[in-house]
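Working notes, structure below.
The values are calculated or read from the model by the stated rules, or taken from the named source; none is laboratory data. From a predicted model like this one, the values you see are computed outputs, not experimental measurements. All Cβ positions, even for glycine, are placed from backbone atoms using ideal geometry, and neighbour counts span all protein chains on display.
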DNA sequence: TTTAGCACTCTTTTGTTTTGATTGCTAAAC
DNA sequence: GTTTAGCAATCAAAACAAAAGAGTGCTAAA
């Protein structure tokens, strides 16, 4: 447990470093952050904070920077989750009032808003279909060998996909499929679309596997796939840590690797907001970055997941404040 | 008009520079590229090529690099459009045989293939709807205040969009719309969806503007918008020119600016393959890069546009060879 | 427990020298 | 007339050296 002054020193160093990106010296802290003691005293505190692992030095005679552990303590104990200005509140409110036709658009807009306000890069995916219930499936014949399937879920998510056949199909067949699929799936969770359904349909329906098989396959595929949206990739390049070519390159590599981003957004949701600092990230590639993920929900319904990716020296207070405010705002809007 | 030896020298310098990214010295060229003369002679040729603007020097005592004009001459006169290996041919062939459900997926696969083979970043958009004919429009009711519109064009392009209403609508209304829209639009070019249609529908249909208006607006919107796909952004970062932070930053900025990319893909199609070298690009932001765009068609039908963006020191021979081969291959596949 | 004072450390900056690659020019060779 | 050998001149890049400056850690006094 840290005493009050140590907390103040740690907080001061973290916030100062977040602002300036320069190692923080004992001198620069005197008479700031409520620290009314000499630089020598602060130096002693710093030495102790370093000994217990909250601070690092870049070299013997440099100022201090927070360690991953230091950032973690800051996020858990010292954060200010009201770090958001009136202008920002206004901006966010106006952006979130945009009318959208699809839930995914709301995710996009939210991700864009977060990126604009925080000046970090965001990645996002739409709502997960797993655990949602099928409200309706509609098949629409397009030409003679092509059909569109539209799936509507209980939370208002709409997914559609095109299915091509190797043989002609007719309106009658489409109608039968419409009836059969809905009969079997309406009100059921999406996982129901699986082997048993396939067998049932093969039994019940007179026509060939050539028709049913691609339908089920394609529907499963479209329900599983995560579309990734990227916002403000360029914003990160204004940060001093991106002056290192290696960092910049790693960053572009991460954003270019869909599986990585997808995993990043799909792991660990003990909380609605999760913070992974440097090495806390499971993936090796992310160890020089921090990731904050945010599952945005309305009335408990998943609306998609947004991740902020930036340097470890991320403005956690700002990021978390913005997320919390957006969360609240979305809930209000839905009422 | 350049004499034979000058052509050889220019070609040698361009290709050498493309390979090594280092200024080319007179010495390194002797006994290569069929140049059987001394370095002094090559130096004299170089001096003349520089005088007439085909070469540049980075400083007084450095080797030569091609100027934009030099690259242009190379692209117009010296290029080898068979610069493609057997492995690459095999790879491309196998990739292009992937079965796709949507035309846009073909564009994506082609762009990805080009990026893989050339090691450059590609951007792409699907086919333009303008000038296509409407084959069919289908409206599907989803719930009570939501509808999906699916538009099918003569080239097999499928576009769909969700429309939300402020009032309930019923199956009957949807059917009427289905009839009216198809009656008026089937076989017509997409531009037909405009004021006159709107007025016609207002006159003919009994229900309110609240229903027709969002339908037309949303359809127009979805038909106009370009979805941009990006492939291999990270590949560029392995090139030495991206060691300059300014270049790297500009590059990410370009890719992040959708209008810029969109404009890039939508300008000037005198030829199917267009090459813009450095300052030849209309946009200021692109002046340090070269862009090669490729409108891929089958039987004269637009299938989308793919652009390669890379350094001015781009391997034009490779890029153009790949594009030409893909063009041919797609045509063959369609038969 | 706090702080003033100071030696020590290490980075950053600045300047200087050296090295080496490459050219342009001149004059001789072909 | 064209080509080439030879060589001084040029300039970037690397290596080295010195100085400046920022910050710490420790000691001893307050």
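Computed values, structure above
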quantity: Subset of region B:50-72 (residues that are touching a residue at least 40 places away in the same chain (Cβ under 8 Å), within 14 Å of DNA strand D (Cβ to nearest atom) and outside any strand (DSSP E or B)); calculated: B:63
quantity: Qualifying position, being within 14 Å of chain A (Cβ to nearest Cβ), more than 16 Å from DNA strand C (Cβ to nearest atom) and buried (at least 18 other Cβ atoms within 10 Å of the Cβ), among B:114, B:84, B:137; calculated: B:137
quantity: Boolean, residue A:43 is more than 14 Å from chain B (Cβ to nearest Cβ), within 16 Å of DNA strand D (Cβ to nearest atom), in a helix (DSSP H, G or I) and touching a helix residue (DSSP H, G or I) at 6+ places or on another chain (Cβ under 9 Å); calculated: yes
quantity: Of the criteria (1) at pLDDT 85 or above; (2) within 33 Å of the chain's Cα centre (by Cα), which one residue B:194 fails; calculated: (1)
quantity: Matching entry among B:167, B:160 (being in contact (Cβ under 8 Å) with a residue 12 or more places away in the chain, within 36 Å of the chain's Cα centre (by Cα) and not in a helix (DSSP H, G or I)); calculated: B:160
quantity: Some residue of region B:98-113 being in a loop (DSSP other than H, G, I, E, B), in contact (Cβ under 8 Å) with a residue 40 or more places away in the chain, under 30 Å from residue B:9 (Cβ atoms) and not assigned by TED's automatic domain parsing to the domain that holds residue B:193; calculated: no
quantity: Residue among B:224, B:160, B:198, B:231 that alone is touching a strand residue (DSSP E or B) at 6+ places or on another chain (Cβ under 9 Å) and more than 30 Å from residue B:19 (Cβ to Cβ); calculated: B:160
quantity: Criterion violated by residue B:77 - all others in (1) away from DNA strand C (no atom under 16 Å from the Cβ); (2) touching a residue at least 12 places away in the same chain (Cβ under 8 Å); (3) more than 30 Å from residue B:237 (Cβ to Cβ); (4) in contact with a strand residue (DSSP E or B) (Cβ under 6 Å, 6 or more places away or on another chain) satisfied; calculated: (4)
quantity: One residue from B:12, B:83 being assigned to a loop (DSSP other than H, G, I, E, B) and in contact with a helix residue (DSSP H, G or I) (Cβ under 7 Å, 6 or more places away or on another chain); calculated: B:83
quantity: Residue check for residue A:122: within 14 Å of chain B (Cβ to nearest Cβ), without any contact (Cβ under 8 Å) to a residue 60 or more places away in the chain and more than 13 Å from DNA strand D (Cβ to nearest atom); calculated: no
quantity: Failed item, numbered, when residue A:119 is tested on (1) on the phi < 0 side of the Ramachandran plot; (2) modelled with pLDDT of 95 or more; calculated: (1)
quantity: Filtered residues of region A:271-286 (kept if part of a loop (DSSP other than H, G, I, E, B) and exposed (fewer than 15 other Cβ atoms within 10 Å of the Cβ)); calculated: A:271, A:272, A:282
quantity: Residue match in region A:304-326 (condition: surrounded by 17 or more Cβ atoms within 10 Å (Cβ to Cβ), under 16 Å from the mean Cα position of the chain (by Cα) and more than 25 Å from residue A:14 (Cβ to Cβ)); calculated: yes
quantity: Members of region A:114-133 found to be touching a strand residue (DSSP E or B) at 6+ places or on another chain (Cβ under 9 Å) and in a helix (DSSP H, G or I), listed by number; calculated: A:114, A:115, A:116, A:118
quantity: Within region A:16-39, considering residues that are free of Cβ contacts under 8 Å to residues at least 60 places away in the same chain and in a helix (DSSP H, G or I), the one nearest to DNA strand C (Cβ to nearest atom); calculated: A:39
quantity: Residues (farther than 30 Å from residue A:243 by Cα and either surrounded by fewer than 16 Cβ atoms within 10 Å (Cβ to Cβ) or near DNA strand D (Cβ under 10 Å from one of its atoms) (or both)) located in region A:1-29; calculated: A:1, A:3, A:4, A:5
quantity: Helices (runs of 4 or more DSSP H) contained entirely in region A:179-268, each with at least 2 residues that are in contact with a helix residue (DSSP H, G or I) (Cβ under 6 Å, 6 or more places away or on another chain), free of Cβ contacts under 8 Å to residues at least 12 places away in the same chain and within 14 Å of chain B (Cβ to nearest Cβ); calculated: A:245-256
quantity: Lone unmet requirement of (1) more than 13 Å from chain A (Cβ to nearest Cβ); (2) surrounded by fewer than 20 Cβ atoms within 10 Å (Cβ to Cβ); (3) within 28 Å of residue B:300 (Cα to Cα) for residue B:175; calculated: (3)
quantity: Check on residue B:268, within 19 Å of the chain's Cα centre (by Cα) and crowded, with 17+ Cβ neighbours inside 10 Å; calculated: no
quantity: Residues located in region A:175-195, provided they are closer than 18 Å to residue A:134 by Cβ and touching a strand residue (DSSP E or B) at 6+ places or on another chain (Cβ under 9 Å); calculated: A:177, A:178, A:181, A:182, A:185, A:186, A:187, A:188, A:189, A:190, A:192, A:193
quantity: Tally of residues being more than 9 Å from chain B (Cβ to nearest Cβ) and either outside any loop (DSSP other than H, G, I, E, B) or crowded, with 21+ Cβ neighbours inside 10 Å (or both) across region A:140-157; calculated: 5
